[in-house]
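Student: Quick one: the structure is below, and I'll ask about it shortly.
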Amino acid sequence: METLVQAPAWVRERREAAAKRFADVGFPNTRQEDWRFTNVAPIADAKFPLASGSFAQASSLIFSVAVPGSLRLAIVNGQFAAGLSDLSAMPKGVRIAGIRDGARDGSDGLEQHLAKVFNIETHPFAALNASHLDDGVAIVIASGAVVETPIHIVIVTGGDGKPVAAHPRVLVVAGANSQVRIAQTFVGVKDDVYFNNAVAEVVVGEGAIVDYYTDQRESEQAFHIANIQAHVAAKGVFASHAFSTGAKIQRHDIGIALNGEGADCTMNGVYLADGERLMDTHTSLDHAMPHCTSHEIYKGILAGKAKAVFNGRIIVRIDAQKTDAKQTNRALLLSDDATINSNPQLEIFADDVKCTHGAAVGQLDEEAMFYLQARGLTRIEARDMLLHAFAGEVLDGLKIPELREQIEKNFFTALARDIAVTA
Amino acid sequence: MSTATKQIEELANTEYKYGFVTDTEQDIIPVGLNEDVVRLISSKKREPEWLLEWRLKAFRAWLKMEEPHWQNVKYGPIDYQGTSYYAAPKEKKKLNSLDEVDPEIRATFDKLGIPIEEQKLLSNVAVDAVFDSVSVATTFRSKLAELGIIFCSFSEAVKDHPELVKQYVGSVVPHTDNYFAALNSAVFSDGSFVYIPKGVKCPMELSTYFRINAQNTGQFERTLIIADEGASVSYLEGCTAPKRDEHQLHAAVVELIAHTGATIKYSTVQNWYPGDKQGKGGIYNFVTKRGICKGDRSKITWTQVETGSSVTWKYPSCILQGNDSIGEFYSVAVTNNFQQADTGTKMIHLGKNTRSTIVSKGISAGRGQNTYRGAVRIGKNASNARNYSQCDSLLIGDRCGAHTFPYLEIKNTTAKVEHEASTSKIGEDQIFYCESRGIAKEDAINMIVSGFCKEVFRELPMEFAVEAQKLLGISLEGSVG
């Protein structure tokens, strides 16, 4: 705890404000509209102690998901692990620092943005994260820098078999007209029980282009709460792609605010919920300014006794004219014991806008299955092929080929797991 | 744009046509709400003991409940103790013919254009007029009685058919269902009762006209419609209220029960006073409407045209319990000036092969806020359930809002559920197209809006469709820029 004391005054203030907020609201309950279908009592009841230091399998986990040809930033139990990171090919215009060091050294942008991009009033878990505000990684891209090398953040959590909690944090500040691709992978030791409460804040400058990929493959017994919040300035482009196959309870809150004219964003995701998993995704798109566009596709595959929640909110503020927003939510139910709650929400306060949302729930097309089986594929192969195609629309958005390969491989592994459970 | 703004100003000044007050001597009980008031209402209506007990149970449940605030509307606090819960025209004697109806009340209905007079009866509409809280006269009853159809006020049903009322009241909307349903169950004054016996197709449209007249009275009517095996009925409900500066609460409960093979079609044209253009006054329309398709192959259709009320908050719903049962919901909701509407439906699929259709059209103008909120729930055993939902919003002006909150909850793999929503405004190019062909701007807008609502209007019975179209025109005149 020595490091906590050394933190600059502004860090301590934000930490205290967040701690106070969390003390006031506590863990959310199902009587709150935003948490109606997701009961986080198992997290609250477990009283996970804060992880300290590393754990035995951290480095092997990190190397298991390494993406060749990219910069690697490792976060172990919420702390930036320089020793497990690979920053040898640091491109021009990129500055990377552990948040603790960066805050102490007064790195640009940290004081301005850290714990400021999201609203602790509306996100209790983000408040809990900020109450432990200490370390993590900060990525600052200089104005005009076009970063070819992808940046891969690997977030591992574990306590050598003991349940622990970690609150990792990422801050990305992309300067005007810069371009960067960033991926974050969440991974833990198989069947470990832990609570990972991550926050990522992204500031997209004027005309900047930021791609942000999330691969959630936590331990199947883990509790995974993640919050990504992005502010996009005029003509900025932000794309988020999220793939989820792990954790016992997952809750993703992804919020994008289009704060300047001509901004564009994509918010796509695929999740696989099987066994008794609960996959909850809450997205929020804030069209605060005119002439912005947004595209959102979320796809879910549900099997076993899984439960999934999709809540997609689009707000078009007053005078945000010429907004063009499109949201699609599709879910495939492979089992009668699975449940999907799909709640798209449009709130529109301007008249010259194009907003559509569509939600559809169905099962695999029997005719397509028959067609493939008639051509010699087994039922499982046919199913996997159709599921792969179902996810394809979102997978196509992955602009790091090595990462795509890795995510697809994990997708098929997870599908095989599902067979084991339901057979 | 400036001429358009001028037009808006001009036409926004269009007065509420139905804003007149009838001076009838009324029997109003003092304001306030407690167990004694509930007892007083019950005794004034000479109700049997079991109904009083039921009311008291509801009242006690209501006391423990909290007023809900999750809905997407804003309104000032309601003073439940500052409202009178019963107002009846003072003339008490039993009416046998229309000539006996108080001429003042008759004149009111004439102004409303309700076909209560003899010659208008020939238009084949049986009317049960609810004036404030007591049913004034029920027409056409004898003809219906020949077929075994019971169509009377709720109080009469309590007297004449207590076994039916006892069996069904609260069976779809329990007295503990929600805050306003509990309040209604405790203090409901009157309403309509319909029973269609086995195999009977009701030969005419049944109709009730509601009107809130007295000041400071809430209207808590209660409607119960039962269609026995193979029966079918179409029921119309229209509502108006005079102009008042303060807000009035209207918390009604409607219950529909469709047995095997039965069909119930429930149509509403709601034109309560919407408040003035500054948003002052107007009705709070907080209504619980729910139907149950109890038997196989039964069908319930809700059609509503909501143009009035300052705040509308209602979700006519269907519980699809019987196999192969069908639920439908067609809605047009218009909000202008400071009106707010949070409306939609719930389709709860429990039986196999159940189908539901939701078509909702929201039109927002001025500073109106229009919310569609609907739930589609497919239960675990509801195999081959099918739902199609479509909600479209039309925005007129840049200070209004259109919101959509659909909730889909699916627990069965064979379910096919689709939801689509779109938002648009009346395009300059569409208006230009019409104007260049010699169609005045106003007419062009009416035409476009009618086209937008066509899918819903064609579900309405003929006379109602015409009236609805007219109402829509009045509500929206000049609101386009």
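Student: Might you check whether a residue that is more than 14 Å from chain B (Cβ to nearest Cβ), over 21 Å from the mean Cα position of the chain (by Cα) and among the charged types (D, E, K, R) occurs anywhere in the range A:336-343?
Tutor: Taking the range A:336-343 first, the residues more than 14 Å from chain B (Cβ to nearest Cβ) are none.
No; the residues of the range A:336-343 include none that is more than 14 Å from chain B (Cβ to nearest Cβ), over 21 Å from the mean Cα position of the chain (by Cα) and among the charged types (D, E, K, R).
Student: Select from the range A:274-287 the residues that are among the small types (Gly, Ala, Ser) and farther than 13 Å from A:TYR298 by Cα and list them in ascending order. Full working, then the answer.
Tutor: As a first pass, look at the range A:274-287 and keep what is among the small types (Gly, Ala, Ser): A:275, A:284.
If the condition is that a residue be among the small types (Gly, Ala, Ser) and farther than 13 Å from A:TYR298 by Cα, then A:GLY275 is the only one that fits.
Student: For the range B:326-344, give me each residue that is part of a strand (DSSP E or B) and hydrophobic (A, V, I, L, M, F, W, C).
Tutor: If we filter the range B:326-344 for residues that are part of a strand (DSSP E or B), which is where we start, we get B:326-335, B:340-343.
The answer is B:ILE326, B:PHE329, B:VAL332, B:ALA333, B:VAL334, B:ALA341.
Student: Can we say A:ILE348 is out of contact with any helix residue (DSSP H, G or I) (no Cβ under 7 Å at 6 or more places or on another chain) and not aromatic (Phe, Trp, Tyr)?
Tutor: Values: out of contact with any helix residue (DSSP H, G or I) (no Cβ under 7 Å at 6 or more places or on another chain): yes; not aromatic (Phe, Trp, Tyr): yes.
Yes.
Student: If I ask for residues that are hydroxyl-bearing (Ser, Thr, Tyr), within 29 Å of B:GLY261 (Cβ to Cβ) and surrounded by 24 or more Cβ atoms within 10 Å (Cβ to Cβ), which ones from the range B:298-316 would you list? Reasoning before the result, please.
Tutor: Pass one, the range B:298-316, residues hydroxyl-bearing (Ser, Thr, Tyr): B:298, B:301, B:303, B:307, B:309-310, B:312, B:315.
With the extra rule that they be within 29 Å of B:GLY261 (Cβ to Cβ), the set shrinks to B:298, B:301, B:303, B:315.
Hits for the range B:298-316 are B:SER298, B:THR303.
Student: Go through (1) surrounded by fewer than 24 Cβ atoms within 10 Å (Cβ to Cβ); (2) touching a His at 6+ places or on another chain (Cβ under 7 Å); (3) farther than 17 Å from A:ILE340 by Cβ one by one and return the number of the condition B:ARG399 breaks.
Tutor: (2)
Student: Those residues that are under 20 Å from the mean Cα position of the chain (by Cα), over 21 Å from A:LEU333 (Cβ atoms), surrounded by fewer than 22 Cβ atoms within 10 Å (Cβ to Cβ) and not hydroxyl-bearing (Ser, Thr, Tyr), I need them from the range A:258-285; list them, please.
Tutor: Restricting attention to the range A:258-285, the residues satisfying the condition of being under 20 Å from the mean Cα position of the chain (by Cα) are A:258, A:264-274, A:277-285.
Adding the requirement that they be over 21 Å from A:LEU333 (Cβ atoms) leaves A:258, A:264-267, A:284-285.
Those left that are additionally surrounded by fewer than 22 Cβ atoms within 10 Å (Cβ to Cβ): A:264, A:266, A:284.
Scanning the range A:258-285 gives a single hit, A:ASP264.
Student: Scan the range A:298-348 residue by residue and report those that are surrounded by 21 or more Cβ atoms within 10 Å (Cβ to Cβ) and of a type in the set (Ser, Thr, Tyr).
Tutor: Hits for the range A:298-348 are A:TYR298, A:THR323, A:THR339, A:SER342.
Student: Test A:LEU61 against the criterion of being of a type in the set (A, V, I, L, M, F, W, C), part of a helix (DSSP H, G or I) and under 18 Å from A:PRO168 (Cβ atoms), and give yes or no.
Tutor: Working: of a type in the set (A, V, I, L, M, F, W, C): yes; part of a helix (DSSP H, G or I): yes; under 18 Å from A:PRO168 (Cβ atoms): yes.
So A:LEU61 fits the description; yes.
Student: Got at least one residue in the range A:53-68 being over 21 Å from the mean Cα position of the chain (by Cα), polar (S, T, N, Q) and farther than 28 Å from A:GLY159 by Cα? Can you show your working first?
Tutor: Keep residues of the range A:53-68 that are over 21 Å from the mean Cα position of the chain (by Cα), which gives A:53-57, A:59-60, A:68.
After this cut, where a residue has to be polar (S, T, N, Q) as well, the list is A:54, A:57, A:59-60.
From what is left, the residues that are farther than 28 Å from A:GLY159 by Cα are none.
No.
Student: Name every residue in the range A:22-42 that is over 23 Å from the mean Cα position of the chain (by Cα) and away from chain B (no Cβ under 14 Å), in order of residue number.
Tutor: The answer is A:ALA23, A:ASP24, A:VAL25.
Student: Follow-up question, since we're still on this one. Taking A:SER59, is it polar (S, T, N, Q), without any contact (Cβ under 8 Å) to a residue 40 or more places away in the chain and crowded, with 16+ Cβ neighbours inside 10 Å? Steps first, please.
Tutor: On the way: polar (S, T, N, Q): yes; without any contact (Cβ under 8 Å) to a residue 40 or more places away in the chain: yes; crowded, with 16+ Cβ neighbours inside 10 Å: yes.
Criteria met by A:SER59.
Student: Being among the polar types (S, T, N, Q) and more than 14 Å from chain B (Cβ to nearest Cβ) is the filter; apply it to the range A:349-385 and report the residue that is surrounded by the fewest Cβ atoms within 10 Å (Cβ to Cβ). Walk me through how you get there before you give the answer.
Tutor: Kept after step one, since they are among the polar types (S, T, N, Q), are these residues of the range A:349-385: A:356, A:363, A:373, A:378.
Next, from what is left, pick out any that are more than 14 Å from chain B (Cβ to nearest Cβ): A:373, A:378.
Values: A:GLN373: 14, A:THR378: 10.
Per the stated criteria, the residue is A:THR378.
Student: In this structure, does A:ASP253 turn out to be among the acidic types (Asp, Glu) and over 16 Å from the mean Cα position of the chain (by Cα)?
Tutor: Considered against the rule, which asks whether it is among the acidic types (Asp, Glu) and over 16 Å from the mean Cα position of the chain (by Cα), A:ASP253 comes out as no.
Student: Then there is this: Within the range A:40-54, track down each residue that is buried (at least 16 other Cβ atoms within 10 Å of the Cβ) and out of contact with any strand residue (DSSP E or B) (no Cβ under 6 Å at 6 or more places or on another chain). Break it down stepwise before answering.
Tutor: To start, the set of residues in the range A:40-54 that are buried (at least 16 other Cβ atoms within 10 Å of the Cβ) comprises A:40, A:43, A:48, A:51, A:54.
Passing the criteria: only A:VAL40.
We did not get these values from a lab; they are worked out from the coordinates using the rules stated. On a predicted model such as this, the values are computed, not experimentally measured, just so you know. Don't worry about glycine lacking a Cβ; one is built from the backbone with ideal geometry, like all the others, and counts go over all protein chains shown.
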